[in-house]
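Structure, as structure tokens:
Please treat every number below as a calculation from the coordinates, not as lab data. Computed from a predicted structure; not experimentally measured. Cβ atoms come from the backbone with ideal geometry, glycine included; neighbour counts cover every protein chain shown.
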Amino acid sequence: MAPALPYVAVGLGVMQASQQNAAGKYNQSIQNRNAQLADQEATQIEKQAEFDLARFDQNFAQLQSQTTTRILKSGAELGGTGIRVLRRNAEEAEVEKNTITYNSKVAAAQRREAGNMFRIQGQFARQQGRSAAISTLVSTGLSFAGSSAGKTLLGGTKPAGTFDGASSFSQYAANPTGYSGSF
């Protein structure tokens, strides 16, 4: 059984390297999924901003109508102060719309950047898996090459205590059976 141990160790090393590589791929797929979710969130933020702007426009139109009605109901004309009030409302509305647009663009950009970071982390996780697998394979290979089975298999020196029957070609030619005893 002892001569088989180096081969078992090689098999286990290869299995470990395979698992490390698979773990790297799995971690990368998780990060890629996180990136995909971040991109979807960015798109949702942009859609929400469009909805918020449309709702704001409706509310603003209603406010302007109510303001106009109140001015006229009070008996004042739309000239002078009434127009200034409506213009000021319109200016504030434009600032508010710009703020909504800006905030949504910043939030969407942050989610997209988070997606990019997830992709980078996924690539890093994949490289870590590969690196660990390569390191395991190299370590296993070096251990095997240094073992007696590895030396024998790779043509290195023969393990101590082994004898092939003849120590040189001339000795083999003189006695091909390798028998050196008497009958």
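The table for this structure:
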| read-out | value |
| --- | --- |
| Members of segment 48-69 that are within 39 Å of the chain's Cα centre (by Cα) and surrounded by fewer than 12 Cβ atoms within 10 Å (Cβ to Cβ) | F51, A54, R55 |
| Sole residue being within 26 Å of Q127 (Cβ to Cβ) and either touching a helix residue (DSSP H, G or I) at 6+ places or on another chain (Cβ under 8 Å) or in a helix (DSSP H, G or I) (or both), chosen from S18, S65 | S18 |
| From the options L86, L72, residue that is surrounded by fewer than 14 Cβ atoms within 10 Å (Cβ to Cβ) and either of a type outside the set (A, V, I, L, M, F, W, C) or without any contact (Cβ under 8 Å) to a residue 24 or more places away in the chain (or both) | L72 |
| Unique match (being touching a Phe, Trp or Tyr at 6+ places or on another chain (Cβ under 9 Å), of a type in the set (D, E, K, R) and more than 30 Å from G141 (Cβ to Cβ)) among K97, K47 | K97 |
| Single residue of segment 22-42 satisfying the filter (of a type outside the set (G, A, S) and surrounded by fewer than 16 Cβ atoms within 10 Å (Cβ to Cβ)) that is farthest from Q127 (Cα to Cα) | Q40 |
